[in-house]
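Heads up, the thing below is written out as structure tokens.
The values are calculated or read from the model by the stated rules, or taken from the named source; none is laboratory data. Everything numeric here is computed off the predicted structure, so don't read it as measured data. Cβ atoms come from the backbone with ideal geometry, glycine included; neighbour counts cover every protein chain shown. Keep in mind that these areas ignore ligands, DNA and RNA; they rest on the heavy atoms of the full protein, side chains included. Shrake-Rupley method; radii C 1.70, N 1.55, O 1.52, S 1.80 Å.
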Amino acid sequence: MNRRALLTGLAAVAAGNLLLPRSGPASAGGGEKLRDLPELSSQGGVLDTSLDMAAHEVHLDGQVLTLDAYNGSTPGQVLRVRPGDTMRVLLRNMMRPTGIPLNSMPPLCSSKPGQHHHDHDLADCVSPAAEMMMHGHTGPQMMLATNLHTHGLQVSPEGNADNVFVRVDPLGQFQYEYHIPHDQPAGMAWYHPHFHGSTSHAAWNGLAGPLIIEGDVDAVPEIAEMRERVLVVNELWVGDDTGEVPTARVVPIGGPVPFSSIPAVASSMMFPVNGQLVPEIDIRPGETQRWRLLNACPHRALWLHVDGHDLHQIGQDGVPFAAPERVPNLMLSAGNRVEFIVQAGEPGRYRVYAERYDQGHPGGPRPRVHLATLVVAGTRTSGRIPATLVEPPRMPDLPIARRRTLTFSGDISGRTGSGVVFRIDNQEYDLDRIDQEVEAGTVEEWTIVNDDVFQHPFHIHVNPFQIVDVQGIPADDTSWGAPDPTVWWDVFRVPPKGQFTLRTYFRPDVVGKTVYHCHILPHEDNGMMGNILIRPAGAQ
């Protein structure tokens with residue numbers, strides 16, 4: 001689509017709102033039985049589907065929200081594939097402008113760090129705004145641009161695969177095709193938009209969906225006989241008057257709603273599970289259930305607890321364990337997934353909640369959030385917890401090809417333009433710059449240093465990693481355990497003013513340009529991302 005067509009389409013949508021469909025309302029509310037998300041599975045080694053992105057209505061807490069969604073579902077449907085499958089997804093962008101504050105001029109001239117400030121001078125704004133509009137760089141245009149990231153798939157980052165440099169504007173579409181490797185671990189991945197500049201806006205709309213890779217761990221007899229629960233926790237940030245996600249610059253503040261738009265609007269933050277507020281999860285006494293849980297929040301870490309119950313973790317970030325590990329609680333940074341077994345205790349009602357936690361945000365610890373209620377009732381049964389699971393992937397026994405150090409830092413003072421800026425190695429993200437160049441088929445160690453008061457969960461695309469060292473854990477933060485060097489992650493948090501060292505293997509069959517970044521998405525949108533070029537083995 002050319003720029004003229006894009007601008008014409010946006011004008012028509014904004015004026016009449018006739019070109020883009022809206023789906024019907026989706027029921028959600030406290031005290032309801034947890035709903036299962038819609039699902040689609042591969043057939044004959046192929047999953048072929050489409051994802052239509054458009055506004056739909058969600059009823060939450062007495063409010064009618066207008067949220068962008070995949071196929072009218074918040075969160076998106078479950079996609080199920082197997083190692084070796086081909087997955088084809090036609091992404092169609094039918095979004096329209098929403099959430100533009102009416103108490104100020106549209107954020108066409110919103111300055112970013114390093115840019116001249118035009119926000120309050122209409123005369124100075126007109127020419128730069130016209131130039132930005134022609135290139136699709138105004139705030140509303142960036143918020144409506146999208147693409148698709150399959151977080152957790154170890155697939156090509158180029159062409160029509162997990163290419164986060166694709167831009168799909170309103171009324172446009174893009175055909176994705178992913179060839180899932182035969183050695184892709186079995187576990188929970190997920191999909192969400194990854195267009196730089198609008199990732200947090202998309203996540204605050206609830207644009208995320210589970211992507212399940214089925215395989216060896218699913219055939220473990222005790223696992224196979226359990227009921228499976230796929231749980232997606234969203235963090236919806238909406239204006240109180242509009243029920244829409246603000247399309248504006250965002251800055252961190254104190255209080256229960258830790259962000260403000262500029263211009264400011266009264267807003268609320270909600271944490272639905274599968275699109276419902278505090279749903280009830282039924283289970284029989286003694287029953288074992290397998291829970292797959294995704295933290296799809298753009299900002300909030302979830303320190304997960306279930307009153308009266310220990311959890312038996314069986315996987316992390318889409319990679320299964322060799323044996324279950326019994327833990328009292330689990331920490332999920334933004335983007336993490338955990339898989340665990342819950343064995344019900346005595347009849348009763350038990351809170352499932354995210355405990356109060358300090359991520360280093362300037363507003364202080366994030367408050368406790370009641371996510372769901374575990375309802376234990378019915379005839380007693382005897383569920384089984386397996387003693388062993390499967391052989392997880394092993395790090396190849398190769399010499400360390402190279403060691404690197406990356407430093408994360410931030411500036412929320414507003415000194416460099418309006419808003420905030422976050423950097424890696426003192427540089428804001430540049431689409432055209434290659435920040436790291438590595439060779440496929442090699443093992444490297446990276447030390448991620450945090451020169452900031454925020455926690456920064458580090459994520460690298462298409463290649464998971466293991467943790468070999470963590471330093472700077474606050475003495476009073478009991479959410480940390482000793483790092484297990486055999487566990488695979490694709491998101492791991494860096495303590496404020498601390499550091500960790502990861503070891504990763506760059507697969508020989510995955511090459512091309514991709515990214516690494518902070519998975520607090522407002523940080524990524526404001527500069528905390530870098531490009532990595534994975535060269536073919538032996539290439540100069």
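A single entry from Thr478, Thr501 fulfils the requirement of being open to solvent by 30 Å² or more (accessible area, probe 1.4 Å) and among the hydroxyl-bearing types (Ser, Thr, Tyr): Thr478.
Taking residues in the stretch 387-406 that are over 30 Å from Val220 (Cα atoms), and partners anywhere that are open to solvent by 50 Å² or more (accessible area, probe 1.4 Å) and hydroxyl-bearing (Ser, Thr, Tyr), the pairs with Cβ atoms closer than 8 Å and at least 6 places apart or on different chains are Leu398/Tyr505.
Evaluated against (1) open to solvent by less than 50 Å² (accessible area, probe 1.4 Å); (2) hydroxyl-bearing (Ser, Thr, Tyr); (3) modelled with pLDDT under 95, Ser27 falls short on exactly one condition, (1). For the stretch 233-249, enumerate the residues that are open to solvent by 20 Å² or more (accessible area, probe 1.4 Å), within 17 Å of Gly206 (Cα to Cα) and under 21 Å from the mean Cα position of the chain (by Cα). Of everything in the stretch 233-249, just one residue is open to solvent by 20 Å² or more (accessible area, probe 1.4 Å), within 17 Å of Gly206 (Cα to Cα) and under 21 Å from the mean Cα position of the chain (by Cα), namely Glu244. Taking the condition of being surrounded by 14 or more Cβ atoms within 10 Å (Cβ to Cβ) and over 20 Å from the mean Cα position of the chain (by Cα), how many residues in the stretch 254-263 meet it? Number of matching residues: 4.
In the set Leu406, Leu431, Leu371, only one residue is of a type in the set (A, V, I, L, M, F, W, C), surrounded by 17 or more Cβ atoms within 10 Å (Cβ to Cβ), more than 30 Å from His309 (Cβ to Cβ) and out of contact with any helix residue (DSSP H, G or I) (no Cβ under 7 Å at 6 or more places or on another chain); that residue is Leu406.
If you go through the stretch 319-340 and keep only what is over 23 Å from the mean Cα position of the chain (by Cα) and either of a type in the set (Phe, Trp, Tyr) or in a strand (DSSP E or B) (or both), you end up with Ala322, Ala323, Pro324, Glu325, Arg326, Val327.
Residue count for the stretch 264-276 under the criterion of being open to solvent by less than 30 Å² (accessible area, probe 1.4 Å) and either among the acidic types (Asp, Glu) or more than 15 Å from Pro367 (Cβ to Cβ) (or both): the result is 6. Residue check: is Leu91 touching a Phe, Trp or Tyr at 6+ places or on another chain (Cβ under 6 Å) and at pLDDT 60 or above? Judged against the criteria, Leu91 is a match. Within the stretch 169-183, the set of residues being under 20 Å from the mean Cα position of the chain (by Cα) and open to solvent by 10 Å² or more (accessible area, probe 1.4 Å) is empty.
Taking first residues from the stretch 69-98 that are farther than 23 Å from Arg229 by Cβ and partners that are crowded, with 19+ Cβ neighbours inside 10 Å and basic (Lys, Arg), no Cβ contact under 8 Å between residues at least 6 apart in sequence or on separate chains turns up. Residues that are in a loop (DSSP other than H, G, I, E, B), at positive phi and crowded, with 19+ Cβ neighbours inside 10 Å: does the stretch 457-464 have at least one? Within the stretch 457-464, one or more residues are in a loop (DSSP other than H, G, I, E, B), at positive phi and crowded, with 19+ Cβ neighbours inside 10 Å.
The rows are residues; the columns are (1) closer than 24 Å to Thr66 by Cα; (2) hydrophobic (A, V, I, L, M, F, W, C); (3) in contact (Cβ under 8 Å) with a residue 40 or more places away in the chain.
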| site | (1), (2), (3) |
| --- | --- |
| Asp162 | no, no, yes |
| Leu171 | yes, yes, yes |
| His194 | yes, no, yes |
| Ala203 | yes, yes, yes |
| Gly215 | no, no, yes |
| Pro221 | no, no, yes |
| Arg227 | no, no, yes |
| Val233 | yes, yes, yes |
| Leu236 | yes, yes, yes |
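Taken over the stretch 359-388, the criterion of being within 30 Å of His519 (Cβ to Cβ), at pLDDT 95 or above and part of a loop (DSSP other than H, G, I, E, B) is satisfied by Arg368 alone.
Inclusion of Val168 among residues that are closer than 30 Å to Ser267 by Cβ and modelled with pLDDT under 95 is not warranted.
Can you say whether Val449 is touching a strand residue (DSSP E or B) at 6+ places or on another chain (Cβ under 9 Å), at pLDDT 95 or above and closer than 23 Å to Gly152 by Cα, as far as the supplied structure shows? The answer is no for Val449.
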